[in-house]
1. Points 7 angstrom from Cα along the Cβ direction at residue B:108 and residue A:77: gap in nanometres?
2. Where the centroid of each part is defined by its Cα atoms, how far is the range A:24-46 from the range B:82-112 in Å?
3. Starting from the Cα-Cα distance between residue B:84 and residue B:52, subtract it from 0.36 nm times their residue separation and give me the gain in nm to one decimal.
4. Could you state the number of Å between the C-alpha centres of the range B:1-29 and the range A:81-100?
5. Give me B:24, B:41 sorted ascending by neighbouring Cβ count inside 10 Å, so fewest comes first.
6. Principal axes first, then extents: for the Cα atoms of the protein assembly as shown, list largest minus smallest coordinate on each axis, whole Å, largest first.
7. What does the extension gain come out to for residue A:52 and residue A:98, with contour length at 0.36 nm per residue minus their alpha carbon separation?
8. How much FRET efficiency would the formula 1/(1 + (r/R0)^6) give for residue B:12 and residue B:59, where r is the Cβ-Cβ distance and R0 is 30 Å, rounded to 0.05?
């Protein structure tokens, strides 16, 4: 089936540092979504991207829809302890409009 | 946040027994989804529904069945649970396939 790859798999950073993570696919995606999951809870949508090249911000978070439509990245600036969690990229591929495909996640740990 | 609940939140059962998980949403969302989450795999789609009595398979549907007799309820059934079905199960709903998916809090299932 279709797969998304996320890197890095895990990150340990100091509070205040910027974070960058990315997501790639072998096939074209029509939407890119970034979710965050806190321990013991369900994922929550952070940012949605609908157009190639689109750059969208949500507070300290910025995400971009890659020009090739096969990748996306998420940046977090000035990390804080509550940024800890698992970040998932997800999206609708060109061939499966009604299903969202999720990446394996990037685990972020922030050291105070 | 969308009103979406799951029951039970935790369940321990034995191999070979039937198990039903319930998802309930109060947003009148047309689409509902069942995912399982396992380390290293992210969220994998089991089954989804695009309306009452309308369901379709996801990427890991073997050993699972679903039913949707009312808009607000989506049931996931393991006819004969196996240890490989030990996982955390998340339900999600959305008003449309392009819209944000709202996730429930998850059900932790252990099959001994």
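Every read-out reported here was derived from the displayed coordinates using simple, explicitly stated rules and does not represent laboratory data. Keep in mind the model is a prediction, meaning the values are calculated, not measured. When we count neighbours, we look across all protein chains shown, and the Cβ atoms used for this are built from the backbone with ideal geometry, even at glycine.
1. Going by the 7 Å Cα→Cβ label model, 3.8 nm.
2. Centre-to-centre distance over Cα atoms comes out at 14 Å.
3. On the way: separation 32, 0.36 × 32 = 11.52 nm, distance 2.92 nm.
Fully extending the segment from residue B:84 to residue B:52 adds 8.6 nm.
4. The two parts, judged by their Cα centres, are 22 Å apart.
5. Values: B:24 18, B:41 14.
Sorted ascending by nearby Cβ count, the order is B:41, B:24.
6. Principal-axis extents of the Cα atoms in the protein assembly as shown, largest first: 48, 36, 31 Å.
7. So the extension gain works out to 14.6 nm.
8. 0.70
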